[in-house]
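The values are calculated or read from the model by the stated rules, or taken from the named source; none is laboratory data. Only a predicted model underlies this, so the values are computations on that prediction, with no experimental measurement involved. Cβ sites come from the backbone with ideal geometry, for glycine too, and all protein chains shown count toward neighbours.
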């Protein structure tokens, strides 16, 4: 195994080469996990992974979850999954039915494993349903579930087919946060952002079904408040500023919010803190923090298939992960993560705060 520094991403980001997933031990994989927690972005190049071995290894770091599942279960708390499929629930409203149908069409469960992976691709199937989470074309800077106070902190993206004309880009925020003047850092520490889903802001080519699914995952509730400054599972403090779901700063006028947000974005979106990974072959595995790091997609996406596993780092950390120090957001997170985990299958060993 060879580890080397990625140019850009501040002091973070590493490539790992020469990893054989079919002969690797559990200890070696957990060592890679610790390296990843320390580097926020880890790209394992030219892997021999398929969808089955991919899920097998990712589950060892933590369970998969999407906010969509928690939102649905909270809204339809009387639904008994063991007795009937949720689409048979006569209480479903039309929007949720469309959402669930779209979700079921883009998710894969290898060997019926409860761990789910999402197809990231464009195009439609023979029933004219979207094949994947996004439409063709670029994805602008974002974090998954950015407007959910209990959003999943980790993402693993496996480039499976036709990736070599495209790139996945990353942007880190820790160095920026540490290098601003002390007075402005104190302002950041007190700043609360207002998140709203804005159609076309992340993936301009979205269609109706995908737009609905994006809304449920990115910002399930309008005007969600989340602190600007949070911690990653690895203990780094940075900015939870997903450019394309943040609509304002709490307590500021729209004009002042726009000015301050642009000032911060201009300081973040520079070569020192960004890196676009142009795939040289299929099989690269991009592992990235989703709490204080953003990502995007560039290039040609026709026929491109990636698989996304969105997860917690539960098995890599010693203590329960709590991203917030500011109240009431810390208490809101604890309440929501407990609610979600208690209702997900195979979550008994999750370290709840």
* Only one residue in 200, 235 is modelled with pLDDT under 95, at positive phi and not in a helix (DSSP H, G or I), so which one is that? -> 200
* Could you list, in sequence order, the residues of the stretch 35-55 that are in contact with a helix residue (DSSP H, G or I) (Cβ under 7 Å, 6 or more places away or on another chain) and closer than 20 Å to residue 291 by Cβ? -> 37, 42
* For the stretch 25-43, which residues satisfy the criterion of being touching a residue at least 12 places away in the same chain (Cβ under 8 Å) and over 24 Å from the mean Cα position of the chain (by Cα)? -> 26, 28
* Residues (at pLDDT 95 or above and farther than 25 Å from residue 174 by Cα) located in the stretch 25-48 -> 25, 26, 27, 28, 29, 46, 47
* **Flag for residue 130 being farther than 30 Å from residue 315 by Cβ, under 23 Å from the mean Cα position of the chain (by Cα) and surrounded by 22 or more Cβ atoms within 10 Å (Cβ to Cβ)** => yes
* Asked: Inside the stretch 22-58, can you point out the residues that are outside any helix (DSSP H, G or I) and touching a strand residue (DSSP E or B) at 6+ places or on another chain (Cβ under 9 Å)?
  -> 40, 41, 42, 43, 44, 45, 46, 47, 49, 50
* Taking the residues in the stretch 144-164 that are under 18 Å from residue 275 (Cβ atoms) and out of contact with any helix residue (DSSP H, G or I) (no Cβ under 9 Å at 6 or more places or on another chain) as candidates, determine which candidate is surrounded by the fewest Cβ atoms within 10 Å (Cβ to Cβ). => 164
* Asked: In the stretch 310-321, which residues are in contact (Cβ under 8 Å) with a residue 60 or more places away in the chain and part of a loop (DSSP other than H, G, I, E, B)?
  -> 312, 313, 317, 321
* To do: Filter the stretch 322-340 down to the residues that are in a helix (DSSP H, G or I) and in contact (Cβ under 8 Å) with a residue 24 or more places away in the chain, then identify the one that is farthest from residue 241 (Cα to Cα).
  => 339
